[in-house]
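Undergrad: Below you'll find the structure I mean.
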Amino acid sequence: MKKDELIEKWLKNELSEAENKAFQQLEDADFNTYIVDYAKHFKASDHSKLSDFNSFKERYNKQKTPVRKIDWFNPFIKVASVIIVTLGLYFTFFFNQETRIETLANENRTVTLPDNSIVKVNELSQLVFSEQNWDNNRTLDLDGEAFFDVEKGNRFDVNTANGKVSVLGTEFNVVSRDSVFKVSCYEGLVQVTYNNNDVKLPAGTEFSLKSGQGSKTTIAIVEPYWLKNMSVFENATLTDVVKELEKHFDINVQYPTDLTTNFTGAFEHGNLQNALKSITKPLDLTYTIKNSKVVIARHE
Amino acid sequence: MSKDIPEDICDENVFERIYDSLGQDLHNFLYYKFGSQVNVDDKAQEAFIKLWDNCKTVSISKAKSFLFTIANNLVLNELKHQKVVLKHQQESPKNYTYETPEFILEKEQFAERYQKVLESLTEEQRAAFLMSKVEGKTHKEIAQMLNVTQKVVEYRIYSAFNVLKEKLEAFRKK
């Protein structure tokens, strides 16, 4: 028998008695046996053993637990998911965070809106708007007076108690105080809606609403005077002028109520003496100041 | 008699019997094939977990090849062709004491070389060779575990032996 065949048979443990003798006669028989026997140095159980069944069972049960499916019919989970969905809907659709700007007497504030439009808010005014989704819904509520420099973009709406002002990108001023409603357009085109009427104001025109009647006039100035700390009047009664004066200087003014002439002109805000002069001179009146009380009277 | 009644391996007693009879073989097979680069005990147990999870679809006769296939895949998924590392037992194995034969000159160098050659064998060669020569499994048993024919097992053992002999030839005193 050939040597290779003998070794092959030996590896299979299939040597007969005679063959075994022949194998032992091989010159490298010892070496072959040694190589095969030496493998026992690498016996697996010397290095690693399988855990017994009990510890396996423990692991099996531990591994089971986290795989358990969520029981959607559990009443607690039902309630919790309804609450979460409701809160989610509320915050998505109804919860709009409002920005509210209020100015005190003698206070001007400049507000930059999310689209870089600029609103200058005059004293004693209130401006409310929502920054959320501003680019698609440029709407704000105004009570008082404000000047708008609107960036080009979508429709820009100013809601007031007296009417609505809509623009597409322009500069305009809005006054809405008590029954006074005045919109001045300095640049672009403004649309004013009041009592179901629409009025379009091109640049350099002004719209005012008095006792339900709207009227359009032209303006020559490039921006409202209050931005330059001035109050401007055109054919105004002395009562209106004095009201504005009292508001600006926070004073009490006595004046003749039966005056028929109207006032056209302006007064500046910084100096009471100068302001009184600007009002009284054209109307041929005099004034006296006593302990923060002002009296305007006819010339003696 | 009992052969006719299909045994349900979902039953804990039946499963424990399978675990005790196949567990050690599975564990050893993984060790000889992949060495100590993976936690062999862990992988063997994982294969048993998979078997128990699927106890309704796997019959008792298929359990053996199911376990060996699953365990083999589990390890292969984890390994990214890392080098096999086997641990060499420094002292002579228990119940097997023998003298270093004269033809081995350098005992320590031989041990080192033997381990290197063993590690360089293919996984299939090494697993078959060691299960046969260390664990004393018959070729038939190995063939069943690996789901291959007996001829394949014989070939693997024979080729493994030839590689070892050729690479260790230098240690033979001429």
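All of the numbers you see were taken from the coordinates with simple rules; none came from a lab. This one's a predicted model, so the numbers in the text were calculated from it and none came from an experiment. Here the Cβ positions follow ideal geometry from the backbone for every residue, glycine too, while neighbour counts run over all protein chains shown.
Undergrad: Any chance you could list P(r) for the range A:229-299, counting all Cα-Cα pairs in 5 angstrom bins from zero, rounded to whole %?
TA: Percent of pairs per bin, in order: 3, 17, 34, 30, 13, 2, 0.
Undergrad: Taking H placed 1.01 Å from N in the peptide plane, check which residues at least 5 places from A:Phe181 or on another chain put their amide H under 5 Å from its amide H.
TA: Here the answer is A:Leu209, since their amide H atoms fall under 5 Å of that of A:Phe181.
Undergrad: Looking at the protein assembly as shown, which Cys residues are left with no other cysteine's beta carbon under 4.7 Å from theirs?
TA: When partners are defined as cysteine Cβ atoms under 4.7 Å apart, the protein assembly as shown leaves A:Cys185 without one.
Undergrad: For a quick check: with amide H placed at 1.01 Å from N, whose amide H comes under 5 Å from A:Phe233's, ignoring anything fewer than 5 positions away on the same chain?
TA: Sorted by chain and number, the residues that satisfy this are A:Gly265, A:Ala266.
Undergrad: Normalised radius of gyration for the range A:99-218, please: alpha carbon Rg relative to 2.2 N^0.38 Å, two decimal places.
TA: Expressed relative to 2.2 N^0.38 Å, the Cα Rg reads 0.97.
Undergrad: Please name which of A:Val253, A:His299, B:Phe29 has its Cα lying farthest along the dipole of the protein assembly as shown towards the positive end, using unit charges on Cβ (Lys, Arg +1; Asp, Glu -1) and the Cα centre as origin.
TA: Of the listed residues, the answer is B:Phe29.
Undergrad: Place a +1 charge on the Cβ of each Lys and Arg in the protein assembly as shown and a -1 charge on the Cβ of each Asp and Glu, then give the dipole magnitude about the Cα centre in debye, rounded to the nearest 20.
TA: Dipole magnitude for the protein assembly as shown comes out near 860 debye.
Undergrad: For labels at A:Asn262 and A:Asn154 in the simple 7 Å Cα→Cβ model, what's the distance in nm?
TA: Label-label distance for A:Asn262 and A:Asn154, simple model: 4.1 nm.
Undergrad: Taking +1 at the Cβ of each Lys and Arg and -1 at the Cβ of each Asp and Glu, which of A:Asn106, A:Gly212, A:Thr286 sits farthest along the dipole of chain A towards its positive end, judged by Cα position relative to the Cα centre?
TA: Result: A:Gly212, furthest along the dipole toward the positive end.
Undergrad: Give me the inter-chain shielding for B:151-159: mean count of other chain Cβ atoms within 10 Å, whole number please.
TA: Per-residue shielding by partner chains comes out at 2.
Undergrad: Using 7 Å Cα-to-Cβ label points, what is the B:Asn54/A:Asn252 separation (nm, one decimal)?
TA: 9.8 nm
Undergrad: If each Cα of chain A is one equal point scatterer, what is log10 of I(q)/I(0) from the Debye formula at q = 0.07, 0.12 Å⁻¹?
TA: With no solvent term, the Cα-only Debye profile gives -0.50, -0.90.
Undergrad: Here is a follow-up. PRE reach from A:Val232 (point 7 Å along Cα→Cβ): which of the range A:201-215 fall under 11 Å by backbone N?
TA: Taking a point 7 Å out along Cα→Cβ of A:Val232, the residues of the range A:201-215 whose backbone N falls under 11 Å are A:204-206.
Undergrad: Right, something else. With N denoting the number of residues in the range A:1-43, provide Rg(C-alpha) divided by 2.2 N^0.38 Å, to two decimal places.
TA: In units of the 2.2 N^0.38 Å rule of thumb, it is 1.17.
Undergrad: To continue, here is another question. Kirkwood hydrodynamic radius for the range A:1-158: how many Å is it when counted over pairs of different Cα atoms?
TA: Evaluated over the range A:1-158, this radius sits at 25.6 Å.
Undergrad: Return the Cα extents of the range B:12-90 along principal axes one, two and three, sorted largest first, each rounded to a whole Å.
TA: 40, 28, 17
Undergrad: With springs connecting C-alpha atoms under 10 Å apart, model chain A as a Gaussian network and identify which of A:Val183, A:Val174, A:Val241 has the largest mean-square fluctuation.
TA: Top of the fluctuation ranking is A:Val241.
Undergrad: If R0 is 60 Å, what FRET efficiency do you get for B:Leu79 and A:Gln132 from their C-beta distance, rounded to 0.05?
TA: It comes out at approximately 0.65.
Undergrad: Return B:Met145, A:Met230 ranked ascending by Cβ neighbour count within 10 Å, so the fewest neighbours appear first.
TA: A:Met230, B:Met145
Undergrad: Tell me, A:Phe31, A:Phe207, B:Phe29 in order of fewest to most beta-carbon neighbours within 10 Å?
TA: The most exposed by this proxy come first: A:Phe31, A:Phe207, B:Phe29.
Undergrad: Averaged over every viewing direction, what's the projected area of the C-alpha convex hull for the range B:101-171? Give it in nm², one decimal, please.
TA: Quarter of the Cα hull surface area: 4.9 nm².
Undergrad: Then there's this: What are the ³J(HN,Hα) couplings of the range A:103-110, residue after residue, when phi is run through the Karplus curve with 6.51, -1.76, 1.60 and θ = phi - 60°? Round to Hz, x for glycine and proline.
TA: 10, 8, 4, 6, 10, 10, 10, 10
Undergrad: Next question, about the same structure. Give the calculated FRET efficiency between B:Ser36 and B:Arg172 to the nearest 0.05, with a Förster radius of 30 Å applied to their Cβ-Cβ distance.
TA: Efficiency for this residue pair is about 0.50.
Undergrad: Another question, then. Pop a pseudo-label 7 angstrom from the Cα along the beta-carbon direction at both A:Lys216 and A:Asn195 and give the gap in nm to one decimal.
TA: 1.7 nm
Undergrad: Against the empirical 2.2 N^0.38 Å scaling, what ratio does the C-alpha Rg of the range A:148-280 come to?
TA: Normalised Cα radius of gyration, the range A:148-280: 1.13.
Undergrad: While we're on this one: Ranking A:Arg138, A:Arg109 by Cβ neighbours within 10 Å, fewest first, what do you get?
TA: Ranked by crowding around the Cβ, least crowded first: A:Arg109, A:Arg138.
Undergrad: Turning to a different aspect of this structure: Kindly provide the helix-only [θ] at 222 nm of chain A, computed as the sum of -39,500 (n - 2.57) over DSSP H runs of four or more divided by all residues, to the nearest 500 deg cm²/dmol?
TA: About -8000 deg cm²/dmol.
Undergrad: Going by alpha carbons, how many degrees (0 to 90, nearest 10) lie between the helix axis of A:29-38 and the longest principal axis of chain A?
TA: 30 degrees
Undergrad: How large is ³J(HN,Hα), in whole Hz, for each residue of the range A:176-184 in order, when computed from phi with the Karplus curve 6.51 cos²θ - 1.76 cosθ + 1.60 and θ = phi - 60°, using x for Gly and Pro?
TA: Karplus-based 3J(HN,Hα) across the range A:176-184 equals 9, 10, 6, 9, 7, 9, 9, 10, 10 Hz.
Undergrad: Could you identify which residue out of A:Lys200, A:Lys62, A:Lys12 has the top mean-square fluctuation in a GNM of chain A using Cα springs shorter than 10 Å?
TA: Per the Cα network of chain A with a 10 Å cutoff, A:Lys12 tops the list.
Undergrad: Let me ask something additional. Which angle from 0 to 90°, rounded to the nearest 10, does the C-alpha axis of helix A:238-249 make with the longest principal axis of chain A?
TA: In chain A, helix A:238-249 runs at an angle near 50 degrees to the longest axis.
Undergrad: Given R₀ = 30 Å, what would the calculated FRET efficiency be for A:Asn54 paired with B:Glu119, taking r from the Cβ atoms and rounding to 0.05?
TA: Working from the Cβ atoms, E equals 0.30.
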